[in-house]
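Read the structure below first, then the notes.
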Amino acid sequence: NSAEYREKLPAVSWFPGHTANGEAPNSWFYSFDSGLVHYIAMSTEIYFYIPEMIEEQYRWLEADLQAINRTKTPWVIVFGHRSLYCSCDGDCFGAADLVRNGPWVHGRREFGLEALLFRYGVDLFLNGHEHNYERNYEVYKGKSTQSTVDPKATTYIVSGSAGCDELHEPFRLPQPRHSAFRSNTFGYSRMEIYNSTHIHWQQVQTQKDRPVDEARYGSVIDDFWLIQHNHGSFAHHTDFWETLNPKTGSAFKSVTADHVAGRYYTAGDALTV
């Protein structure tokens with residue numbers, strides 16, 4: 001009945017929930033402003049374990065996105081647990097598809113997150129769940145221009161490589177062109193909101209179990225700037241995405257640092273092997 005899950009977390013939002021032990025304040029989806037950013041936290045687990053809450057969270061998220069003052073907080077960053085886009089294993093098909101497009105309701109997909117984030121111009125979606133790191137370019141419906149300057153869709157980043165008892169997660173799937181860089185070495189991400197148009201993002205390696213990793217401990221393995229001069233809805237780019245060739249971009253701009261296999265390669269290299 002989700003009582004333990006609800007009640008072990010602090011109360012940080014507005015919606016109460018009914019549990020076996022009575023009322024518990026909602027701490028599953030909430031938002032706050034910090035500096036130039038409007039942050040939104042949400043529960044992707046609702047899509048898998050508490051489907052009766054999917055619509056409630058979706059309606060709340062839509063209302064929250066509608067109310068953002070992009071003059072005050074030009075950047076919008078949403079974070080949750082599960083991926084909308086990733087490329088390591090089967091989670092990146094069925095599970096990601098459910099969060100991205102929503103469940104079937106009366107013969108159609110409803111309450112999917114991708115279209116909502118696109119419509120309201122969410123700049124970044126951050127998540128964990130996969131025990132690796134993967135930065136995607138801007139992507140919409142599986143397509144990407146591989147751009148980080150004035151992107152026309154949301155940028156998705158998986159930052160789940162801090163480590164756990166499952167250790168390293170292997171990459172079992174080919175790297176798609178919308179994936180810019182992926183690594184399964186241990187590490188952490190850091191983000192600097194530089195100003196209203198620039199975000200600086202880095203991934204730092206903390207792998208130490210081999211001599212070659214010791215030498216790289218604390219080094220930056222991925223470094224990029226997300227630049228956006230035109231904050232707001234991406235909806236006016238819909239025709240652009242509908243006509244974009246899915247093979248746009250270069251496979252050689254998609255890089256994998258695979259600790260498990262001991263290889264560093266691009267998706268283009270993999271295609272030529």
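The values are calculated or read from the model by the stated rules, or taken from the named source; none is laboratory data. Nothing here was measured: the structure is a model prediction, and the numbers come from that model. Heads up, the Cβs are rebuilt from the backbone with ideal geometry, glycines too, and the neighbour counts pull from every protein chain shown. Note: areas computed on protein heavy atoms with side chains; ligands, DNA, RNA excluded. Shrake-Rupley method; radii C 1.70, N 1.55, O 1.52, S 1.80 Å.
Data table
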| read-out | value |
| --- | --- |
| Accessible surface of His81 - all protein chains present, 1.4 Å probe, nearest 10 Å² | 80 Å² |
| Most to least accessible of Lys247, Lys253, Lys143, Lys152 (protein chains only, probe 1.4 Å) | Lys247, Lys253, Lys152, Lys143 |
| Lysine pairs meeting the criterion (Cα under 14 Å, 8 or more apart or interchain), as found in the chain | 4 |
| For Thr266, distant residues with modelled amide H under 5 Å away | Thr256 |
| If the convex hull is drawn through the Cα atoms of the range 127-273, its volume per residue in Å³ | 111 Å³ |
| Cα extents of the range 33-118 along the three principal axes, largest first (Å) | 38, 31, 20 |
| Within the chain, percent of DSSP bridges classed antiparallel, to nearest 5 | 70 percent |
| Chymotrypsin sites (Phe, Trp or Tyr not before Pro) restricted to DSSP loop in the range 187-257 with at most 16 other C-beta within 10 Å | Tyr194, Tyr217 |
| Stokes-Einstein diffusion coefficient of the range 57-201, Kirkwood radius over Cα pairs, 10 °C, 1.306 mPa s, in µm²/s | 99 µm²/s |
| Using distinct alpha-carbon pairs, which all enter the 1/r mean, Kirkwood radius of the range 116-202 in Å | 13.9 Å |
| Area accessible to solvent at Glu214, 1.4 Å probe radius, in Å² | 90 Å² |
| In Å², nearest 10: area of Glu166 left accessible to a 1.4 Å probe | 130 Å² |
| Alpha-carbon spread of the range 187-273, three principal axes, descending order, Å | 50, 39, 13 |
| In Hz, Karplus ³J(HN,Hα) per residue of the range 52-69 (6.51, -1.76, 1.60; θ = phi - 60°; x = Gly, Pro) | 5, 9, 4, 5, 4, 5, 4, 5, 4, 4, 4, 5, 5, 5, 5, 8, 5, 8 |
| Carbon/sulfur fraction of accessible area - the chain, other protein chains in place, 1.4 Å, % | 53 percent |
| Derived scalar couplings ³J(HN,Hα) [the range 72-83; Karplus, 6.51 cos²θ - 1.76 cosθ + 1.60; whole Hz; x for Gly, Pro] | 7, 10, x, 8, 10, 10, 10, 9, x, 8, 8, 7 |
